[in-house]
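Comments concern the structure below.
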Amino acid sequence: MSAPSSSTADSGRKASWGVDRSVVILLIASIVVLAGAALESPGVLSVNYLLQQLQIASIVGILATGAMLVILLGQIDLSVPLTITGTAILATSLAGSGNPTLAFIAIPAGLAGGLLIGAVNGLGVAIFRIPAMVWTLAVNAMLLGITVFYTSGAKPAGAPPPLMVFLARERTLGIPNAFLLWLVVGALVLFMLRRTVFGNYIYALGQSPRALFLAGAPVERIIVGVFALAGLLSSLGGLLLVGYANQAYQGMGDSYLMPVIAAVVLGGTSIFGGSGNYSGTFMGAIFITLLASVLSLMQVPDALRQMVFGAIILAMLLIDRARRAP
């Protein structure tokens, strides 16, 4: 079977000069947001402020990378919030345990936890045929119960792994380390989507699962693999968030689900699967971070910000549905 590459799947959304239209629109929108905010607070145009936003966008971007892979399948992962929180609590408790061996495995254990959660999600969707929205929401609820039981509802004790503090907060040659890490992750994912059979299968599965199955592709293994990779990226984002916040706390990932999904759909990835370009997700994460920051500067309540992100997702759903209509 000849599965479509990302360039084929997205050719309809390219501008005449070959640049993804979503990227151009989001770039212009980001400039407009910054220009509007500068009228009220000129400090938003300072280099330090922009680098700080790039730092935060890197965390959102890594989380959005995992979300994009799942959405390309035509699925959704609602366990992202507690994957972040669970990873954060596990890593900080191990790193701050006072045991050198446990501290050494804090980061690998956190990443392994995310990989395991993702694999469980994939098994539920691929093997038991449970809709991803229902299964991942149930997993998220179970993870909430586990974290509350583990911490007894109190602020978890521990300390962030020093490496994650370095990656999340420090800079190399003036560039945030988190952004450099995001570039590496993005390059690997982009290579996978464009240059590997597995990446082609992801797009093909999102477009027509039945056709891919009839072609003899290992559909179940692809689904489990994508969800596992998404869980791994969610845990990596959680570890970066721990390093940036310098602590873990209950509900750490609660406010990230809507912005992450919004970044993906704004970047042009179809919520129905089979179509999307990573460059759009990359720019979507930057735009969503800038928008959230400006709304915060305007002292817009978090609840209202979540409503804005929800409205963005609904609008993109309607646009995508209209685009697909005959």
*Provide the packing ranking of 74-84, 304-314, i.e. peptides ordered by the mean count of other C-beta atoms within 10 Å per residue, highest first.*
74-84, 304-314
*Once label points are set 7 Å from the Cα along Cα→Cβ at both Arg129 and Thr101, what is their separation, rounded to one decimal in nm?*
4.6
*Mind telling me which of Val60, Val125, Val134 comes out most flexible in a GNM of the chain, alpha-carbon contacts under 10 Å?*
Val134
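Carbon and sulfur atoms: what percent of the 1.4 Å accessible area of the chain do they account for?
Working: 10360 of 14690 Å².
In the chain, the share of accessible area belonging to carbon and sulfur is 71 percent.
Once you keep just the Cα pairs under 8 angstrom separated by 6 or more residues, what percentage relative contact order results for segment 46-324? Mind showing how you got there, number by number?
Details: 479 pairs, mean separation 97.8, N = 279.
Computed value for segment 46-324: 35 percent relative contact order.
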*Within a Gaussian network of the chain (alpha carbon springs, distance under 10 Å), most fluctuating of Met298, Met164, Met192*: Met298
*What spacing in nm lies between the two simple spin-label points modelled at Ala303 and Ser46, each 7 Å away from Cα in the Cβ direction?*
3.3
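Shape of segment 108-221 from its Cα gyration tensor (a ≥ b ≥ c, root eigenvalues): rounded if a/c is under 1.5, otherwise prolate when a/b > b/c, or oblate? Mind showing how you got there, number by number?
Working: a/c = 3.47, a/b = 1.26, b/c = 2.75.
Note, shape of segment 108-221 comes out oblate.
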*In nanometres, what is the gap between the two model label sites at Arg210 and Ala141, each 7 Å from Cα along Cα-to-Cβ?*
3.2
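Evaluate 2.2 N^0.38 Å with N set to the residue count of the chain, then give the Cα radius of gyration divided by it. Could you put the intermediate results ahead of the total?
Values: Rg = 19.4 Å, N = 326, 2.2 N^0.38 = 19.8 Å.
After normalising by residue count via 2.2 N^0.38 Å, the value is 0.98.
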*Hey, can you find the accessible area per residue of the chain for me, probe 1.4 Å, expressed in square angstrom?*
45
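Sequence gap at least 6, Cα distance under 8 Å: using those rules, report the relative contact order of segment 245-290 to the nearest whole percent.
On the way: 39 pairs, mean separation 15.2, N = 46.
Across segment 245-290, relative contact order equals 33 percent.
The values are calculated or read from the model by the stated rules, or taken from the named source; none is laboratory data. Everything quoted here is computed from the prediction, not taken from an experiment. Every residue, glycine as well, gets a Cβ built from its backbone with ideal geometry; the counts of neighbours run over all protein chains shown. Only protein heavy atoms, including side chains, enter the accessible area calculation; ligands, DNA and RNA are left aside. Shrake-Rupley method; radii C 1.70, N 1.55, O 1.52, S 1.80 Å.
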